[in-house]
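One structure is given below, encoded as structure tokens.
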Amino acid sequence: MTESDRQHSLNTNELIDETAAAAGAVAALPPDNPQIAGGETRSQWRDIWRQFRSHRGAMVALFLFAATILFVLIGPYLWTIDPTYVDIRARNSGFSAAHPLGTDQLGRDMLARLMAGGRVSIAVGLTAMIIAITIGSLIGVLSGYFRRLDAPLMRMTELFLALPLLPLLLLMVTLFREPLSKNFGPALGIFILIVTAIGATSWMQAARIVRGDVLGLKEREFILAATSIGTPPRRMITRHILPNVLSPIMVAATLGIATAIITESALSFLGLGFPPDFPTWGRLLYDAVDQMVMYPSRVILPGLFISLTVLCVNYIGDGLRDAMDPRIRGR
Amino acid sequence: MLTFTLRRLLLAIPTLLFISLVIFLLLEASPGDPLGDVPLTVPPEVKERMREALGLGQAWYIRYVLWLKQFFWVEPLYWFDHFFGTSFSQGMQRVISFQSRSPVFDVIAQRVPQTLTVVGMSYVVGVMIAIPIGIISAYKQYSWFDQLGTFVSMIGFSMPTFFTGVVLIIIFGVKLQWFPSVYDTTLVVRDWDSFWAQVRQMVMPVTVLALYNAAQISRFMRASMLSNLNQDYVRTARAKGLSERTVVLKHVLRNSLIPVITVIALGLPAVFGGAIITEQVFKVNGLGQLLITAIHANDIPMVLTLTFIFAILIVVFTLIADILYGVLDPRIRYD
């Protein structure tokens, strides 16, 4: 039994204890028609949102993250300089009205490049996260729900956990960049490659968390009730299991975005990411390292954007975890 | 306990074999050609013979089994001979790098000290920072120290090491000129002067990695301390009149360290992987840098062996963590 499983079984026991205690106090149950009892209707998500709002760090982070997304999405419409436009006479210029964040060694506008780079970086983060979470929850639910699949799927997860990830990622990206660029064009090919490589190597944590939760859920009464009226496994999973493991999945998803963004920029930093004329934050940082003595701002700006985005995402994940944990909620 | 260890060791063998096969097939499927750098003027039949000489002519499964034999049989024999002066490995082919035509393990042995001094030192420093921070912020939960610690560790693992490294270089290497920004691996420590130079060049890479590790470990330490602090045995210890110092530093700390030690053991192999980036930033020619140059040069034996060594490290340290948990906490039973 690993640590997370052990922690999980403790959690489940506590949950069961709490449920049992609540069931004992029948007198404290709400009246049959709750619509009359309370003024405002309460749903699970509204509760979570209320709890989330009380986490100050997470709210600030959510605001900043939204601002960053607006910056990279809306920004290019307001600041219409082409990020790949080379203006060799204006190269290496400092902060000015024409170029608020300066230009790089070829005279390309840094503000426009940061916006374009952010689009790619965040897109990579989101897509890789979706892939990882889909694989992770699928494997987690399957191995938690079907006892026969449990052992082989968990062996496979352990196998993936034993893989040296960064070396393998480096290997995959170097080896397959050319055939994919040929088939899908340089930008899209590398995007597909990086996103699948990151997604395929980061689903294991999610799978283990989901499996643990599903195992705990299977012991609960409502699952027994659903089984007794003959619910088929497919409906059981989509109706009863998945909605109840949504909160750990969401937390894992948020934290997954952060790892994916960092991994992509690390690959770019090692020179194995997107092609040179295709800016991402990591690539911008990598390109600027050669001249960091003369123009430190060019290194610091993309680095700040990466760190800030990842910090925000981590804080949001932290807030979500607090808000969704029923033991802390309503404190 | 013994049966558990034996079972896990037996299970580790197919895992490692499978991982090596995955890496091998990945390299096999790659379109890269180790002879890509050979000039075009070399006639094709000579090229074909060069391929034969590199051992590329045979089918993949023959080469895979050959590599397995070299890795698990010839190399241990060679090192056995090396230390005991015997000659079992006489005439046997070792794993040879395509780039340098020298045995892969000799190259790795040259690079290991650099990685170990920088990475090992940073891990030790990281742990030594993290544990006191974790203790204090758990003991004074929600105090300004705890809030600050949480914020700093959040920043610590949100900032990628290549960014912190570059920022440190700009501030301390370029602007203040306190530390050299490039790690000089040819430096030999002979006297106090060279020792001082070695310390100065290690400061920045060690700081970068130590900050990153400390951020994660201090979070674990804090959580573990918190879950122990309101246990019954703590109240008992206080009730029988032990000093607060003894209660926290003897009773609580020892129990809280159990999960943290396994986390530290689990994190160790990941540090070797993460050090690839830091080594690149500070130009340390350790294992990570070796791997990157080997990947670029399509040096299949080198990449295969290095990646496999990383995999072995992960499997071994996971096993160590599991066993440590059982040894340190007698409540855990594995059978």
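Please treat every number below as a calculation from the coordinates, not as lab data. Note that the structure is a prediction, hence the values are computed from the model and not measured. Reconstructed Cβ throughout: ideal geometry from the backbone, glycine too, with neighbour counts over all protein chains shown.
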*Using a basic spin-label model with each label point 7 Å from the Cα along Cα→Cβ, how many nm lie between A:R234 and B:L25?*
3.0 nm
*Check B:I96: other-chain or 5+ apart residues with amide H under 5 Å from its amide H, H built from backbone geometry?*
B:V104
*At a Förster radius of 45 Å, what calculated FRET efficiency corresponds to the Cβ-Cβ distance of B:H296 and A:R56, to the nearest 0.05?*
0.45
*Cα-projected label distance for B:Q177 with A:Q291, points at 7 Å along beta-carbon direction, nm*: 2.4 nm
*So what's the angle, to the nearest 10 degrees on a 0 to 90 scale, between helix B:300-328 and the longest Cα principal axis of chain B?*
30 degrees
_Quick check for you: which residues of the range A:51-77 have the amide N under 15 Å from the point 7 Å beyond the Cα of A:M250 toward its beta carbon?_
A:51-55, A:58-59, A:62
*Peptides A:56-67, A:259-270 ordered by average Cβ neighbours within 10 Å, highest first*: A:259-270, A:56-67
*Who wins for biggest fluctuation among B:L290, B:L68, B:L306 in a Gaussian network model of chain B, springs between alpha carbons below 10 Å?*
B:L68
*Whole-number percent relative contact order across the range A:260-326, with pairs defined as alpha carbons under 8 Å at least 6 apart*: 25 percent
*Rounded, prolate or oblate: which fits the range A:182-331 when a ≥ b ≥ c are the square roots of the eigenvalues of the alpha-carbon gyration tensor, with rounded for a/c under 1.5 and prolate only if a/b beats b/c?*
oblate
*Which value in deg cm²/dmol, rounded to the nearest 500, describes the helix-derived mean residue ellipticity at 222 nm for chain B, given -39,500 (n - 2.57) per DSSP H run of n ≥ 4 and division by the residue count?*
-23000 deg cm²/dmol
*Work out the FRET efficiency for B:Q58 and A:R148 from their Cβ-Cβ distance, taking R0 = 56 Å, and round it to the nearest 0.05.*
0.90
*Please tell me the relative contact order of chain B in percent, rounded to the nearest whole number, where contacts are Cα pairs under 8 Å and at least six residues apart.*
26 percent
*Which distance in nm do the two modelled labels at B:F88 and A:L106 give, with both placed 7 Å along the Cα-to-Cβ direction?*
5.8 nm
*FRET efficiency for A:T80 and B:A239, Cβ-Cβ distance as r, R0 = 45 Å, nearest 0.05?*
0.05
*Say we join alpha carbon atoms closer than 10 Å with springs in a Gaussian network model of chain B; which of B:I62, B:I292, B:I323 then has the biggest fluctuation?*
B:I62
_When each of B:K140/B:K175; B:K140/B:K240; A:K182/B:K69 is checked by Cα-Cα distance, pairs over 26 Å_ = B:K140/B:K175; A:K182/B:K69
*Starting at the first residue of the range B:219-227, write each ³J(HN,Hα) from the Karplus equation 6.51 cos²θ - 1.76 cosθ + 1.60 with θ = phi - 60°, in whole Hz, x for Gly and Pro.*
5, 4, 4, 4, 4, 5, 4, 4, 6
